[in-house]
1. Report relative contact order for chain A in percent, whole number only (criteria: Cα-Cα under 8 Å, sequence separation at least 6).
2. Once the label point is placed 7 Å from Cα along Cβ, list for B:Ser265 the distances to the corresponding points in the other copies, in nm, shortest first.
3. For chain B, find the longest principal axis of its Cα atoms and tell me its angle to the long axis of helix B:360-372, 0 to 90°, nearest 10.
4. When the dipole is taken about the Cα centre of the protein assembly as shown, and only Lys, Arg (+1) and Asp, Glu (-1) are charged at their Cβ, what size is it in debye, to the nearest 20?
5. For chain A, take the longest principal axis of its alpha carbons; what is the angle in degrees between that and the long axis of helix A:321-335, to the nearest 10 within 0 to 90?
6. Amide H to amide H under 5 Å from B:Val102: which residues, 5+ apart in sequence or cross-chain, H placed 1.01 Å off N in plane?
7. Using θ = phi - 60° and the Karplus curve 6.51 cos²θ - 1.76 cosθ + 1.60, what whole-Hz ³J(HN,Hα) does each residue of the range A:279-295 get, with Gly and Pro shown as x?
8. Please list the non-local residues whose amide H lies under 5 Å from the amide H of B:Asp410, H modeled 1.01 Å from N, same-chain partners needing a gap of 5 or more.
Protein chains: 2
Amino acid sequence: MALVVQKYGGSSVADAERIKAVAQRIVATRKAGNDVVVVVSAMGDTTDDLIDKAKQVSPLPPGRELDMLLTAGERISMALLAMAISNLGHEARSFTGSQAGVITDGAHGKAKIIDVTPGRIRTALGEGSICIVAGFQGVSQGTKDITTLGRGGSDTTAVALAAALDADVCEIYTDVDGVFTADPRIVPAARRIPRISYEEMLEMAASGAKILHLRCVEYARRYNMPIHVRSSFSTKEGTWVVDSSEIEGHEMEQAIISGVAHDRSEAKITVVGVPDKVGEAASIFSALSEAEINIDMIVQNVSAASTGRTDISFTLPVTDGQAALTALNKLKDRIGFESLRFDDRIGKVSLIGAGMRSHPGVTAKFFGAIADAGVNIEMISTSEIRISVVVAQDDVDTAVASAHRAFDLDSDQIEAVVYGGTGR
Amino acid sequence: MALVVQKYGGSSVADAERIKAVAQRIVATRKAGNDVVVVVSAMGDTTDDLIDKAKQVSPLPPGRELDMLLTAGERISMALLAMAISNLGHEARSFTGSQAGVITDGAHGKAKIIDVTPGRIRTALGEGSICIVAGFQGVSQGTKDITTLGRGGSDTTAVALAAALDADVCEIYTDVDGVFTADPRIVPAARRIPRISYEEMLEMAASGAKILHLRCVEYARRYNMPIHVRSSFSTKEGTWVVDSSEIEGHEMEQAIISGVAHDRSEAKITVVGVPDKVGEAASIFSALSEAEINIDMIVQNVSAASTGRTDISFTLPVTDGQAALTALNKLKDRIGFESLRFDDRIGKVSLIGAGMRSHPGVTAKFFGAIADAGVNIEMISTSEIRISVVVAQDDVDTAVASAHRAFDLDSDQIEAVVYGGTGR
């Protein structure tokens, strides 16, 4: 008997009909001889509705109370799902994050999981029950206050519970058939990736593939918990995210390209005319770090000998743009840079694949494909298993399609799927 | 500095505007120098909406899961109320029943409070915070499952918390100005009762006055916790429910009539032709007790010497009627009664007042007032401080008005109030 942890997002439980469909899938998994633990998000728009309610009584609600409010969402969906399962003749019990032993720090709205102590889940499983657990929420270690985990929180709850319970697999259900070699809305010939390593999935997630959150993949890698990303609308195999040692071919020294990801959610800031002295870059990025701004790519131009000044460009979430400009302007006199340039019309295109660093041909072919598409490259950044370029936002689709074709990722068959974002 | 526990029902927090108004009242109480603990129900129709959702996924949802679902209602209202208070510049923290230490038995949907251990509330009060507590809910002692308290649960939560915290008063806010000498919809000249004893309030509640639940008054009496029933729409004094020793005149040997209550929610069953043998009545009522049916009034006619048979009539909630008939029909052969008669067109009119037992004139005047109104009495039952009669349902209004007048309860001024039922 295997132990399967399943996670269903908000769109999978958006109304009574979908809840009943999910209940049937869960019961089928149970009937196949598995112990089942289900992590569930709030129904459809519940979270947005609750946030609207909060805004009506307070422009800036305290984090503790906002978390108390929002966690009502999963409480509703999990209880309804447990009822729907009971109605199919199987015992199901729902548990809040706190009851399931999801212990977090005290950072309301973006809490981090510190520990998972699922004693009540183990007991309920031992008594033959299907367990339904609220995603996205936990209880803070010190104050015992209710917390929410922030973006990607439900996926992370599922992986963390799976790891703590030593489950055989963590299945993440979504509205697409798995992870694809590119966004099928841009590249209709994109193929489903049957197996991908944690590292490549991390790079995919960091490069804009919205199917799994970085945070949940990081957790899965740390505990070596296999994730199976699949559609809640079919029973097809999806994409397995596993240790690289379990992927055929990975042990051999060849470059295996997983896919092409893109991201339109970033902006670029250029700090123009920075004096080329030791410590200037450090003071820029420590100011941004103090403002809690996450920087992605950084490029520093070679200093012009004539002026002794250089330009530093970096990308960041477009939503952090204003805060970053404010933080930097405060430093203007101390650092003595000349000006700031802000560009939110950029896009990032990334090629992900194991072993590309030792195969220079990969980089050359990637740049060639982008040039062939007539697209200009503004910034470049590379890792062991990824190359990313920043291009004009309007050129993203062409660049993705061209790179996808160049690496022979196009399939013969066009799969009818639509890429969607993950909820929470 | 006094400690005040306030309870607001669902209609008092039905939308953002009302929540803000309640927040202002709470802050005013705080500014007057009091520590404040607030017990709150779910907003307006939230509970009904959640029950509708449950019905959509399961015709007979398990009690544990229904409780998990319904408790989302108070979670939403209490978090919003805490936010609204914070927005007025005062610290407020919300607590679930479980966090507030409301320990219950495991009877889902109708749990009874076993203990209240409000350690977290005490700590938060000590830190200067206003505490908002979810009414109607608790956590079961053994299984640590979330429970709901059933009808009157929020009032009972408030009184129980007030008692455990040794509060100075438990204020129950409602949509009327207090407890009246009769339902003002029937008797426009009814007066607000300024002070009433626990015992009389119990009889009023048991006799159909919907303003406070039996259960919460019983709890208050046991712990001698003063209740102040008042309107959430005004700052007028309402009705104080206190120990009889604190009511002027009660120590003297005179009959003080508090009011006239009525109840249209009962039905009458007559078991016709019961053999007049020892134990027959006992077996009838033990069968009803096993079916968990609450009996109110019981009348056994004098046995007719010619037949050796008697009729036994009793009243019960009309909603239990079918279950009672089924339970009795199962006994028909064993007991050998002749037939059952069911009448749901009855009403109960009760006169409540201390000391009436030792003043036979009270009973005579009450019956006289009902006779004067041309109303026939079908059943009679009395207690130390109450006389109840069953009459035809259509005669209830006339009987109430006539009795109210006979005991000089009519005021010169008509108060513009509307009697409403309490929520949960």
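The values are calculated or read from the model by the stated rules, or taken from the named source; none is laboratory data. Bear in mind that the values here come from a model prediction, so they are computed numbers and not experimental data. Cβ atoms come from the backbone with ideal geometry, glycine included; neighbour counts cover every protein chain shown. With ligands, DNA and RNA removed, areas are computed over all heavy atoms of the protein, side chains included. Shrake-Rupley method; radii C 1.70, N 1.55, O 1.52, S 1.80 Å.
1. On the way: 956 pairs, mean separation 65.5, N = 424.
The normalised contact order for chain A reaches 15 percent.
2. Spelled out, the distances from B:Ser265's label point are 5.1 nm.
3. 80 degrees
4. Details: 84 positive and 110 negative charges, 81 e Å.
I would put it at about 400 debye.
5. That works out to roughly 40 degrees.
6. B:Thr117, B:Val139
7. x, 5, 4, 4, 6, 4, 7, 6, 5, 5, 5, 5, 7, 6, 9, 8, 8
8. When sequence neighbours closer than 5 places are left aside, there are no close amide H contacts.
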